[in-house]
Amino acid sequence: MVQAIYPKYDKTVQSKCENGDAYGVSLRPDAMAALYAHFAPELAEGRKAVKKDAHRLTCRISARLETADYEALQRLIEAEGYATTQDWLTATVRRYIAEAGETE
C-alpha cells in the first residue's frame, strides 16, 4: 500500500508519523489515502467528497479590526437594530452602491 508509493516507508516511519508532534513528521495526503483505501475503504470514499460551498451567497468580503473598533462596531450594529453583522454589512454595501450610482 504505502510502500508501493514510498519504498522506504516502514514501521519506524509509521511510528514517527503517529507521534508527529514530537518528531515533526506527518503522512502525505497520497500516503494517507492509500492507508484509508487498504484498511478502511468505506471511509476512503467519504474522505474524497469535498463539500461544495452550501451558502446561497458565495462572494465574501472580510476585514480585521482592532479589538476596541470591533467592539464599538458590534454595539453600533446592535443599536441600529441589525440582527447580524452580515445584515448590517449587506445593507451598508447596497447603500454604498446605490449612492455611487452603480446598479445591476
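The values are calculated or read from the model by the stated rules, or taken from the named source; none is laboratory data. It should be emphasised that the depicted structure is a prediction, and the values quoted were computed from it without experimental measurement. Heads up, the Cβs are rebuilt from the backbone with ideal geometry, glycines too, and the neighbour counts pull from every protein chain shown. What goes into the accessible areas is simple: the full protein's heavy atoms, side chains included, and nothing from ligands, DNA or RNA. Shrake-Rupley method; radii C 1.70, N 1.55, O 1.52, S 1.80 Å.
Just one of the numbered conditions (1) in a helix (DSSP H, G or I); (2) modelled with pLDDT under 95; (3) not aliphatic (A, V, I, L, M) is not true of Thr58: (1). Filter the stretch 83-104 down to residues that are in a loop (DSSP other than H, G, I, E, B) and of a type in the set (Ser, Thr, Tyr) and give me whichever is surrounded by the fewest Cβ atoms within 10 Å (Cβ to Cβ). Step by step, filter the stretch 83-104, then rank; the result is Thr103.
Only residues that are open to solvent by less than 90 Å² (accessible area, probe 1.4 Å) and of a type outside the set (Val, Ile, Thr): list them for the stretch 70-82, please.
Scanning the stretch 70-82 gives Ala72, Leu73, Gln74, Ala79, Gly81, Tyr82.
Being under 22 Å from the mean Cα position of the chain (by Cα) and open to solvent by 100 Å² or more (accessible area, probe 1.4 Å) is the filter here, so list the residues in the stretch 58-69 that pass it. Result: Cys59, Arg60, Ile61, Ser62, Arg64. Residues in the stretch 1-40 that are open to solvent by 60 Å² or more (accessible area, probe 1.4 Å), among the hydrophobic types (A, V, I, L, M, F, W, C) and assigned to a loop (DSSP other than H, G, I, E, B): Met1 only.
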